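What follows draws every value from the coordinates through simple rules; no lab data is involved. Please read these numbers as outputs of a predicted model, since none were measured by experiment. Don't worry about glycine lacking a Cβ; one is built from the backbone with ideal geometry, like all the others, and counts go over all protein chains shown.
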Amino acid sequence: MISILIPAYNEAHRIADTIMAAQTLATEERSVEIIVVDDGSEDDTALQAERAGADAVFRQPNGGKGAALQAAFSLASGDIILLLDADVGASATETEKLVAPVISGVADMTIAAFPTIPGKGGGVGLVVRLARWGIRKLTGRTMTSPLSGQRAMRRDVLFDSGGFAPGWGVEIALTVSALRAGKRVLEVPTHMTHRVTGRSFQAMLHRGGQFMDAAHTLFRLWRTPGPLRNAAVTLPGERK
């Protein structure tokens, strides 16, 4: 089974398309479960996720992306874990390209590389450059898409990585922890799309928060040779 974990915050307009596209990963040979965690949304994201057919929709107070993913993972039963941002919409069908190498044993974790669209982001922002630099310094590996939230991995990769680090540094910590553990990490070109952050004041605040979380995560990884885990929760099967 593939467990698809979708953290969502104020994505009522796109979450249904994302879920319906993710459902196409189910085949006669494999089943999927879609778990959505509504991280304190102020709109009807959770309701739209339920109407779209998500297998589980969990509501929690806003705690950040890492906490939402950790909550979703606590409900997951699949051997393959697929992380999916709520705003990728119909392009979620492209995640078949991520799942295939993990199922075949070619990779332990795959990361979606998005196409570069001039003037629309695509990996040249300040936060991306910081994440790329930090991962290279910590592991020697240069990542094209260090902040991509679309990832497939075997369940044990998350256990060995200590689960999900808190905040917006979750992808950085997951990449560094996997590489430090000797996991085979593969970036896969896709044609996925997502909602690009604009240049409004709120968007600038959002990017500022991402930058601070990324910097804090890299600093903690530099000081800590082991994985960064979310101390507020336990992994499935663990005891506090």
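Table for the structure above
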{"read-out": "Length gained when the stretch ARG129-ALA181 is fully extended (0.36 nm per residue, less Cα-Cα span)", "value": "16.4 nm"}
{"read-out": "Theoretical gain in end-to-end length, HIS191 to TRP222 [0.36 nm per residue, Cα-Cα removed]", "value": "7.8 nm"}
{"read-out": "Label-to-label distance, nm, for residues given as MET212 and GLU96 (7 Å Cα→Cβ offset)", "value": "4.3"}
{"read-out": "Rough spin-label spacing in nm, given labels placed 7 Å along Cα→Cβ, for SER77 and GLU29", "value": "2.2"}
{"read-out": "Inter-label distance, nm, simple model (7 Å from Cα along the C-beta direction), ASP43/GLN60", "value": "2.2"}
{"read-out": "Length gained when the stretch PHE159-THR144 is fully extended (0.36 nm per residue, less Cα-Cα span)", "value": "2.9 nm"}
{"read-out": "Hypothetical label at ILE103: residues of segment 65-88 whose amide nitrogen lies under 14 Å (7 Å Cα-Cβ projection)", "value": "79-82"}
{"read-out": "Relative contact order [Cα under 8 Å, 6+ residues apart], segment 1-79, whole percent", "value": "40"}
